[in-house]
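Working notes, structure below.
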């Protein structure tokens with residue numbers, strides 16, 4: 001693995017505390033797609049485990065510097081990933097702004113590469129999972145495929161997408177194999193090339209109630225435009241809807257889990273998440289009052305509470 005670019009700005013969190021240093025490495029999936037891994041080792045001699053962090057759609061390593069720093073302060077190393085088609089990983093179509101994947105299952109190739117790299121680097125064990133949004137769908141599939149983690153925190157997991165029934169039906173028709181044809185690499189209806197944080201005002205945005213964090217995300221997008229993407233392709237949407245249907249039909253895995261959603265969640269389908277958690281033995285479901293989609297990008301108090309809840313879960317399941 002070779003060193004990859006890593007943008008260490010900002011170097012402090014929204015409360016002025018210094019972030020722990022991180023670095024990035026290139027790795028390759030089995031099909032040759034180049035991915036970028038971020039590592040925040042914290043204090044290797046004191047680490048009590050490692051968190052494998054699965055970001056959401058549109059996200060990139062640097063966005064999770066605050067999360068990795070909070071975990072390091074509690075004794076955990078962190079490894080995160082730029083999924084294929086976003087961040088500095090290989091983009092899969094000529095339009096760099098479109099979020100595209102040929103098959104949703106291809107993300108499991110990325111998971112395999114990440115796990116292999118974590119093993120090769122001897123990152124401290126036991127390992128745990130944090131999966132956000134799309135990373136929650138990828139993470140659930142990986143857990144069903146026996147991802148070697150002892151417990152998991154899911155935040156706003158994409159186990160359903162918030163759409164009205166008519167739009168959902170139209171989306172399924174548009175993305176069906178008989179209809180998509182050569183349109184698969186076009187933007188999904190209602191989306192375009194501009195990344196969300198640069199077109200949405202802070203007031204009533206769908207991500208966070210914390211103005212400092214929202215400003216940080218805007219600053220990162222402006223300073224490093226190669227990190228961000230806009231809307232998804234029709235193929236991505238069709239693949240995501242198919243994967244969600246398959247995940248809903250699968251039995252809940254045997255893994256201690258905490259799943260958190262915002263009380264004002266408007267991106268994923270909260271009902272689908274609640275239904276998934278209802279039959280998850282050893283799983284707990286919590287609604288964070290007043291929060292939006294990105295629990296780990298919320299106000300400092302909500303962020304800290306989520307990390308504390310995750311670390312308590314991890315500490316209770318060190319032996320697997």
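Choose one answer from 275, 80, 29: the residue with the largest mean-square fluctuation in a GNM of the chain with alpha-carbon springs under 10 Å. Of 275, 80, 29, the Gaussian network model singles out 275 as fluctuating most. For the pair residue 17 and residue 183, the difference between a 0.36 nm per residue extended length and the Cα-Cα distance amounts to 55.1 nm. Placing dummy labels 7 Å off each Cα toward the beta-carbon, the span from residue 73 to residue 95 is 4.1 nm.
Can you say what percent of the DSSP beta bridges in the range 2-316, counting only those with both residues inside, are antiparallel? Round to 5. Mind showing how you got there, number by number?
On the way: 17 of 42 bridges.
In the range 2-316, approximately 40 percent of DSSP beta bridges are antiparallel ones.
Taking each residue as 0.36 nm, the span from residue 120 to residue 145 lengthens on full extension beyond its C-alpha to C-alpha distance by 7.0 nm.
GNM, the chain, Cα, under 10 Å: largest mean-square fluctuation among 135, 263, 42? In this elastic network of the chain, the residue with the biggest mean-square fluctuation among 135, 263, 42 is 263.
Cα centroids of the range 198-231 and the range 279-293: 25 Å apart. When the Gaussian network model of the chain links Cα atoms closer than 10 Å, the mean-square fluctuations of 224, 293, 150 top out at 224. With the simple spin-label model, which puts each label point 7 Å out from Cα in the Cβ direction, the residue 246 to residue 286 separation comes to 3.2 nm. A Förster distance of 56 Å, applied to the separation of the beta-carbon atoms of residue 278 and residue 223, puts the FRET efficiency at 0.85.
Bear in mind these aren't lab numbers, they're just calculated from the coordinates by the rules spelled out. Given the structure is predicted, the values throughout are model-derived calculations rather than measurements. Ideal geometry is used to build each Cβ from the backbone, glycine not excepted, and the neighbour counts take in all protein chains shown.
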